[in-house]
Amino acid sequence: MSIYLDNAATSHPKPEGVVRAVTEALTEYNANPGRSGHPAALRAAREVLRTREGLARLLGARDALSVAFAFNCTDALNLAIKGSLCLGDHVIATRLEHNSVLRVLAELASRDRIALTLLDPRPDGFVDPEDVRSAITRRTSLIVCTHASNVTGAIQPVAAIGQVARQEGIRYLIDGAQALGGMPVDVEALHCDLYAFPGHKSLLGPQGTGGLFLRPGVVLCTLREGGTGSASDSMRQPPELPERYESGTLNLPGIAGLGAGVAHVSERLSQIMMHERELTSALLEGLSAIPGIMLYSPREEAARAGIVTFNVGDLPSSRAADLLAERGFAVRGGLHCAPGAHRFLGTLRRGAVRASVGHANTFEEIDRFVEAVRDLV
Ligand SMILES: Cc1ncc(COP(=O)(O)O)c(C=O)c1O
């Protein structure tokens, strides 16, 4: 496989423990968790709970049952947004959001179900919490913000926005797709009511995993009802967490793998964070020394996730990404499903090349990548 710098899309490689956990789930206790009472089903339920507990610890959540599993971050965001809104509500989000937020809100707005305000970031690429405050109306019932832009990597002032939301008594959802597992997250300090995350990016779990943290007391309308293995004599969806939001058979191999990913990350979060920061700095430094490279990511270390986005001369970004693929590097060109961020950067037509580092990348790989870009120029 080529040198992998597409970790913002999904992380690679997964730790050996993740592969082992998936295999074990499929071979040693491949039963339906929370349904039957035989030993394999009980072990399956225990492993699911273990993953939930690991996630809650990583999120700073007091109760493991406040984490509901989802199939990816998009799934969790759909539940958080659609489950929160009523006819006539007003929502504030930012133009930096991924389509997994923008399209959900645009769809509701296009059917006149909600009113929507999309805030531009300041020229430096960060949203101003005071702009959020100014946009609040009597009908505002939800504020949504990405924790870190998946295009520039800029970490948004999510705690300060949370303070505004808390002061105004408005529900607050953070899209943690580019944050959880790559930096410390504390849902208490962020003042968020809902925190959506994928399992397959920085948490190093398999694809098909993700989840949603719900602050105790936050109740969402369900998007899916069905069997939960509990209160089966009732026609109504049980109100208890997490079953309320987890109808149908869970993705046991995925959740077991995610549990191993969460354990791996939790044991070494600060090392991973430092390593990825240093790799990102090396990448930014290397690329900024090449004439003809346009860089879009923040220079300040503490202000960015492990993402470096750039363009090469006049090349369309997808062509540059293809040429880098031919040279053995996996990066992503185009719009990264975040058209608002590209509009802000002025790259809506050509997109940009995104190189995103992960726990297993080395400085040698970064040097080789920088040389390949220089060669391309
Ligand atoms: C900021 C952001 N939000 C949401 C998503 C959607 O994540 P998933 O692919 O797990 O649905 C992504 C995926 O890249 C993302 O970068």
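The values are calculated or read from the model by the stated rules, or taken from the named source; none is laboratory data. Remember, predicted model here, so these are calculated numbers, not experimental data. Every residue, glycine as well, gets a Cβ built from its backbone with ideal geometry; the counts of neighbours run over all protein chains shown. Heads up: the accessible areas ignore ligands, DNA and RNA and are worked out on the full protein's heavy atoms, side chains in. Shrake-Rupley method; radii C 1.70, N 1.55, O 1.52, S 1.80 Å.
Structure notes:
- Matching residues in the stretch 345-377 - criterion: being touching a residue at least 12 places away in the same chain (Cβ under 8 Å) and among the charged types (D, E, K, R): Arg350, Arg354, Glu365, Asp367, Arg368, Arg374, Asp375
- Taking the criterion of being free of Cβ contacts under 8 Å to residues at least 24 places away in the same chain, touching an Asp or Glu at 6+ places or on another chain (Cβ under 8 Å) and assigned by TED's automatic domain parsing to the domain that holds Ser36, the only residue of the stretch 235-289 that qualifies is Gln237.
- Filtering Thr23, Thr10 for residues that are among the hydroxyl-bearing types (Ser, Thr, Tyr) and within 16 Å of the ligand (Cβ to nearest atom) leaves a single hit, Thr10.
- All of Ala56, Ala159, Ala109 fail the test of being farther than 30 Å from Leu269 by Cα, away from the ligand (no atom under 16 Å from the Cβ) and among the hydrophobic types (A, V, I, L, M, F, W, C), apart from Ala109.
- Residue match in the stretch 88-99 (condition: at pLDDT 95 or above, on the phi > 0 side of the Ramachandran plot and of a type in the set (Gly, Ala, Ser)): yes
- Scanning the stretch 209-223 finds one or more residues that are over 17 Å from Val48 (Cα atoms), polar (S, T, N, Q) and more than 15 Å from the ligand (Cβ to nearest atom).
- Residue within the stretch 214-235 that is open to solvent by less than 10 Å² (accessible area, probe 1.4 Å), part of a loop (DSSP other than H, G, I, E, B), closer than 26 Å to Val101 by Cα and in contact with a strand residue (DSSP E or B) (Cβ under 8 Å, 6 or more places away or on another chain) present: yes
- Cβ-Cβ under 7 Å pairs, at least 6 apart or on other chains, the stretch 170-188 side outside the structural domain of Thr146 (by TED's automatic domain parsing), far side at pLDDT 95 or above and basic (Lys, Arg): none
- Applying the condition of being open to solvent by 30 Å² or more (accessible area, probe 1.4 Å) and closer than 30 Å to Ala305 by Cβ to the stretch 10-46 and asking which residue is farthest from the chain's Cα centre (by Cα) yields Arg20.
Every residue, every condition in (1) within 16 Å of the ligand (Cβ to nearest atom); (2) open to solvent by 10 Å² or more (accessible area, probe 1.4 Å); (3) in contact with a helix residue (DSSP H, G or I) (Cβ under 7 Å, 6 or more places away or on another chain); (4) within 30 Å of Leu5 (Cβ to Cβ), yes or no:
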{"position": "His98", "(1), (2), (3), (4)": "yes, yes, no, yes"}
{"position": "Ile114", "(1), (2), (3), (4)": "no, yes, yes, no"}
{"position": "Arg122", "(1), (2), (3), (4)": "no, yes, no, yes"}
{"position": "Asp128", "(1), (2), (3), (4)": "no, yes, no, no"}
{"position": "Arg166", "(1), (2), (3), (4)": "no, yes, no, no"}
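- Residues in the stretch 176-203 that are out of contact with any Phe, Trp or Tyr (no Cβ under 9 Å at 6 or more places or on another chain) and either more than 11 Å from the ligand (Cβ to nearest atom) or open to solvent by 20 Å² or more (accessible area, probe 1.4 Å) (or both): Gln178, Gly182, Met183, Pro184, Asp186, Glu188, Ala189, His200, Lys201, Ser202.
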